[in-house]
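No value in this document is a laboratory result; all are computed from the given coordinates. What you see is a predicted model, and the numbers here were worked out from it, not measured in a lab. Every residue, glycine among them, receives a Cβ derived from its backbone with ideal geometry; neighbour counts consider all protein chains shown.
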Amino acid sequence: MLNLTRPISFIDLETTGVSLSTDRIVEIAIIKILPDGSRQVKRKLINPEMPIPKESSDIHGITDDMVKDAPTFKQAGNEIKMFIENCDLGGYNSNRFDIPILMEEFLRAGMDVDLSTRKMIDVQHIFYTMEPRTLTAAYKFFCQKELVNAHSAEADVDATIEVLMAQLQRYTNLGDSVESILGVIGEDKIVDYARRFAFNDKGEEIFNFGKHKGRTVKDVLKAEPQYYDWMMSLQLQYHVLIIDDNSPDGTGEIIRSLLPKYSGQLFLEERAGKSGLGTAYIYGFKWAIERGYRYIFEMDADFSHNPKDLDNLYNACKNGADVAVGSRYVNGGAVANWPANRILLSKGASLYTRMITWMPVKDPTAGFVCYKKEVLEAINLDGIEFVGYAFQIEMKFAAWKLGFQITEVPITFIDREFGASKMNKGIIKEGVLGVLKLRWHSLFKNYRKKVTNTEINNSVDFTKPDVVV
């Protein structure tokens, strides 16, 4: 039994689809457990004010006809808000699906719901934490042996074969042939391994990205042959994640309006309140790792960092670097439109950092960086201490201390034309003291142990797109 000091509400949603920003709730069920162990239940059908796709109805059984007379979320929202008032929250995959969609509905209804003081228990996260889905865990479960030399390619592939053989013995319905195995688990019909194209229900090749997503390749290239030339001119297909901490300038609203146009390429994650630059980046890193991206970028969204430089950072990592830093202070790098005092402060901070930490990076405060997935997996992101601009220094310092290769790529940093810098005395103080703290910990404490992730997932999903910014 849970030992509770305040109620906890477990939430499950049925929706029109899986897009956090564009899909809608069609059913909500909440079970509230009180500190005395008693339970209260609330379940409601919701009119999503949009058609429910057949594929969604096939899953949850809720049709347009069933919700036509149900209240909209705006009509039912206050009742739901009051039911979960002062409650911690829980669910299965709720932190990544149910709660974000519920908050989106509250935002659309114009209702202010503050979750900053709530605790959230995601039962799926407990499952994955206690029963990790890695090759090491699978080897131990199916073969009852510890995997020696994990992350050695030969040891990993040999263990993979052993796991398969143990699975065939355990699950006899799989049979013993490739055909019989795929007959049970299903087989992906693949057009291209980057998943830019797919098959529709008729077996026709369709676009899986961009403005023609869902249309057949044959129809698009017949009606718009120049689209092929444009598509072939693309160096990479970048996916973009915007993290908005309740910006007063309406960033979230603007991005939400663009999501349907760039479905599958543009993503929005909104957080309540201002939690700092570092926590936003860590949130984004975890989001990208969970979705299998292999190259993960961070950059400013005010065009101080030129998107054209993304390819240069990507190529640096493709050609051997573990971390590629867009650097203002290597040969070929530059700064434009900054006043002299900002240039002096930035260069001084870089020199100070190098002198204290001995880290061989000329632009340690840079915020335009490409990380290989393996680097971010190896770092204990929850152990990164700083949340301001010193966060940039600590991430590079942690990667360096863990033995990863850092390469600097020259860029031209152009100061923003609109808005104001967030630089202040508090940020400068964090940077000055933070660098000293990093050096102290690395000399007299086991810093490597502090920033090492001991639960590295060694699986790579090669069906995922390469990159996310």
* Asked: What list do you get for Glu49, Glu374, Glu55, Glu269 if you sort them by fewest beta carbons within 10 Å?
  -> Glu55, Glu49, Glu374, Glu269
* Can you put Asp69, Asp122 in order, fewest other beta carbons within 10 Å first? -> Asp69, Asp122
* Structure fact -> Residues Ser57, Ser327 in order from fewest to most other beta-carbon atoms within 10 Å are Ser57, Ser327
* **Full-extension gain in nm, Glu162 to Met66, via 0.36 nm per residue minus C-alpha separation** => 29.6 nm
* Spread of Cα-to-Cα distances over 5 Å intervals beginning at zero, given as percent, for the stretch 79-123 -> 6, 21, 32, 29, 11, 1
* In terms of the ratio Rg/(2.2 N^0.38 Å) built on C-alpha atoms, what value belongs to the stretch 1-130? -> 1.06
* To do: Would you mind getting me the FRET efficiency between Glu205 and Thr129? Use the beta-carbon distance for r and R0 = 45 Å, nearest 0.05.
  => 0.65
* Rounded to the nearest 0.05, what FRET efficiency do Lys81 and Ser177 have when you use their Cβ-Cβ distance and R0 = 56 Å? -> 0.50
* To do: Grab the beta carbon distance between Val184 and Gln144, set R0 = 22 Å, and tell me the FRET efficiency rounded to 0.05.
  => 0.40
* Asked: What spacing in nm lies between the two simple spin-label points modelled at Phe197 and Asn341, each 7 Å away from Cα in the Cβ direction?
  -> 5.8 nm
* Asked: Taking a 31 Å limit on the Cα-Cα distance, which of the listed pairs Lys81/Lys449; Lys362/Lys450; Lys54/Lys81 fall beyond it?
  -> Lys81/Lys449
